[in-house]
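Reviewing the structure listed below.
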Amino acid sequence: MRDNGSTTVLILGVLGFLSIITLSTYLFLEYSIKEIYRNEAIEQRKNALINEAEKVMDLFLNDVTPYADSRIDAVWEHAKNSEDRGIQIRLTDISSYYGVNWIRKEMLNHGNLLKFGKSSDELQQYRWDTGIHLNMEPDYLDFFPPVILNRYFTTYNFFNINICDEFALENLYFVRTGDRDKARLFRQKIQDFWKGSKPGKPRMIEPADLKSFLGLEYARLYPLMNAEPVFNVHFMPEEILSQLFTYEYHSVPHNVLEFLVGGRMNQEWSIGELEVIIGDNYKKTFLHHYIGVTTWFWQIEITSSNDEHGSLTLRWIVVRVPQDSEREDEIEYRLLEEEFLQ
Amino acid sequence: MSVRKRERCGSPPNNGGFAYIEMMVALTIVSLVGVIIWQGMANTNTLLHKIVFHSSATVRLIQMEKSMRRFIGKVRYPFWVNDLGIEARDGEMKIPFYEGRSDTFLIVRYDEEQLIIGIRQGDTDEMNQTEYFGPFSNVKIELAENEDGEVIGVDFLMYTENRLSEPVKITARFGSNPFWVEKTS
């Protein structure tokens, strides 16, 4: 009898042990499989968001007015309609702001944009010493209040040779060519060119003149350094538009500002129409280098919500490639940044 | 007619002996069952070990992939840059522009069966935020390129311990890339 009892206990013990091992293995495997499925689900959602972003890019590429970007373009209608499908699309023009890496001293002073106690000379020296920055914060927080920095500035725009600080252009030249001496000579060349300007009648390098001005380094500098208008009048902050119109030599009447700000939500202007609206000073001054109708850098954010996994956002930053006269009909965008936010 | 019960020849029956045989048979059966169970447990244990090994390796790979993508994704090349400035020597890859800063480097290294990723500031040798992954019998670290031959991130080709399974390739992309790179002479 005692033998039979021991056998039962032994078998029960073995079964219990096996059960514990099986259960723990099952729980572990269940966790592993869940983790694998979760990752697969996230990958699928990421791919779906990328497909949505590609649709947005298709609409940019097939814009019926490719040289003017405004809120009446088809892509905005598409973004609005996507909400019905549970997808949020947010488009932001991130280049129609002053370039914190290149804004000229006179514009800084005119807009009264610097922190109290900081001078535009100090900012110029800081930029010269530390080079071109990708992060506005914390790199420029010593010079600008955070609110001003985020409202008026960006690091995402091209360097228009006519409106950039000459030391910033020297820095860019050095970054692109690796030759500090040539970069210094280039800066002096620009300063010499500007010496021929008269008050209210600046000498300017137009797109057609750019290739000859940049010379042998054109291929390394263009299109980062170009002569295209930096801001899109349809999206730029009203305050910047106002500062540019009230600048000493620009002097554009206030009613023009009101007309543009009032009409841009539901109207699109071509560059020719903008010239007519602003008047003679548009072409005679730097205004036509600051203000245009094209957006160069877009931020596209696409968010999908899911009950089980929460929301997932894809953030793309794309850049439109400026065309030189030889390839005028080609519209091309490039993806600069991709990030998923959960 | 009465039948006389025939007496059995030899020694009288022994009930106790039968009990012994019975017990021995039972013990033999229990032993056999025990051996079979033991064998089964051993096999099960090996199988479970394999399953757990592969599952945990898969989960570790997924977690490692996430971690590596997070690290590499924080390499943000400004769009104006013309030189990626990546240095690869002594089994170490040094990538600038971690979080968009030219003086902050992401270090990727394979050392003593471990894949090591960390951050280095300026010219110092000290690494911060260091993470270790492995063990791997070998890891190949290469620059990942797109179809146009432009560098877009880092490829990791990892061979598991004792090369029990196929190598795993993970391509981790930089958070942002230069607009275009024009080779300097």
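Just so it is clear, none of the values below were taken in a lab; they were calculated from the coordinates. Fair warning: this is a prediction, and the values are worked out from it, not measured in the lab. All Cβ positions, glycine included, derive from the backbone under ideal geometry; neighbour counts span all protein chains shown.
Label point 7 Å out from B:Val33 along Cα-to-Cβ: which residues of the stretch A:10-41 have amide N under 11 Å?
Correct set: A:10-12.
Quick check on packing: order A:157-169, A:25-37, A:58-70 by the mean number of other C-beta atoms within 10 Å, highest mean leading. Kindly include the intermediate steps, with their values, before the conclusion.
On the way: A:157-169: 22.1, A:25-37: 13.1, A:58-70: 15.6.
By packing density, highest mean first, the sequence is A:157-169, A:58-70, A:25-37.
Might you report the magnitude of the Cβ-based charge dipole of chain A about its Cα centre, with Lys and Arg at +1 and Asp and Glu at -1, to the nearest 20 debye? Spell out each step's value before the answer.
Values: 35 positive and 52 negative charges, 184 e Å.
With only Lys, Arg, Asp and Glu charged at Cβ, the dipole is about 880 debye.
Extent of the stretch B:67-157 along each principal axis, from alpha carbon coordinates, in Å, largest to smallest?
Dimensions of the stretch B:67-157 along the principal axes of its Cα atoms: 38, 33, 23 Å.
Just to confirm a number: summing +1 for Lys and Arg and -1 for Asp and Glu over residues other than A:Leu341 whose beta-carbon lies under 13 angstrom from that of A:Leu341, what do you get? If you can, show how the numbers build up before the last one.
Details: positive: A:Arg45, A:Lys46, A:Arg90, A:Arg315, B:Arg70; negative: A:Glu301, A:Glu337, A:Glu338, A:Glu339.
Local charge sum for A:Leu341: +1.
If one computes the Cα centroid of the stretch B:88-165 and of the stretch A:1-52, what distance in Å separates the two points?
So the separation of the two Cα centres works out to 34 Å.
For the charge dipole of the protein assembly as shown, defined by +1 on Lys and Arg C-beta atoms and -1 on Asp and Glu C-beta atoms about the Cα centroid, which residue among A:Thr154, B:Ile37, A:Leu221 has the Cα displaced farthest towards the positive pole?
So the residue furthest toward the plus end is B:Ile37.
Give me the percent relative contact order of chain A, please, defined on Cα pairs under 8 angstrom at least 6 residues apart.
Working: 437 pairs, mean separation 77.2, N = 342.
Over chain A, the number comes to 23 percent.
For B:Lys94, which lysines qualify as cross-link partners when the Cα separation must be under 19 Å and same-chain residues fewer than eight apart are set aside?
Those lysines meeting the cut-off are B:Lys74, B:Lys140.
Based on the Cβ-Cβ distance of A:Lys55 and B:Gln63, what FRET efficiency does E = 1/(1 + (r/R0)^6) give at R0 = 35 Å, to the nearest 0.05?
On the way: r = 33 Å, r/R0 = 0.93.
Computed FRET efficiency for A:Lys55 and B:Gln63: 0.60.
Anything over 29 Å Cα to Cα? Flag those among A:Lys105/A:Lys198; B:Lys50/B:Lys169; A:Lys105/A:Lys201; A:Lys115/A:Lys284, in the order listed.
Values: A:Lys105/A:Lys198 18 Å; B:Lys50/B:Lys169 22 Å; A:Lys105/A:Lys201 18 Å; A:Lys115/A:Lys284 32 Å.
Going by Cα-Cα distance, A:Lys115/A:Lys284 fall outside the 29 Å limit.
Under a crude label model (7 Å from the Cα following the beta-carbon direction), how far is A:Thr7 from A:Val64 in nanometres?
Here the answer is 9.1 nm between the modelled labels.
Given R₀ = 30 Å, what would the calculated FRET efficiency be for A:Tyr249 paired with A:Ile277, taking r from the Cβ atoms and rounding to 0.05?
So the FRET efficiency works out to roughly 0.95.
Using only the alpha carbons, work out the radius of gyration and Dmax of the stretch A:255-325 in angstrom.
18.4, 59
Quick check: the distance between the Cα centres of the stretch A:82-152 and the stretch A:154-233, to the nearest angstrom?
When both Cα centres are located, 20 Å separates them.
Summing +1 for each Lys or Arg and -1 for each Asp or Glu, what net charge is found among the other residues whose Cβ lies under 15 Å from the Cβ of A:Gly111?
0
Mean residue ellipticity at 222 nm from the helices of chain A, using -39,500 (n - 2.57) per DSSP H segment of n ≥ 4 over the full residue count, to the nearest 500 deg cm²/dmol?
Values: 14 runs with 169 residues, N = 342.
After summing the helix terms and dividing by the residues of chain A, the value is -15500 deg cm²/dmol.
Which lysines have a Cα lying under 16 Å from the Cα of A:Lys80, excluding residues fewer than 8 positions away in the same chain?
A:Lys55
What's the average, rounded to a whole number, of partner chain beta-carbon atoms within 10 Å of each residue's beta-carbon in A:174-181? Don't skip to the end; give the middle numbers.
Values: counts 0, 6, 7, 4, 4, 2, 0, 0.
Per residue, the number of nearby Cβ atoms from other chains is 3 on average.
Taking square-rooted eigenvalues a ≥ b ≥ c of the alpha carbon gyration tensor, is the stretch A:163-322 rounded, prolate or oblate, where a/c under 1.5 means rounded and, failing that, a/b exceeding b/c means prolate?
Numbers: a/c = 2.55, a/b = 1.20, b/c = 2.12.
Cα axes put the stretch A:163-322 in the oblate bin.
Using the Cα atoms of the protein assembly as shown, I'd like the radius of gyration and the largest Cα-Cα distance, Dmax, both in angstrom.
Spelled out, the Cα radius of gyration and Dmax of the protein assembly as shown are 36.1, 157 Å.
Nearest 0.05, what FRET efficiency do A:Leu216 and A:Ser305 give at R0 = 41 Å with Cβ-Cβ as r? Can you show the working numbers first?
Values: r = 53 Å, r/R0 = 1.30.
Efficiency for this residue pair is about 0.15.
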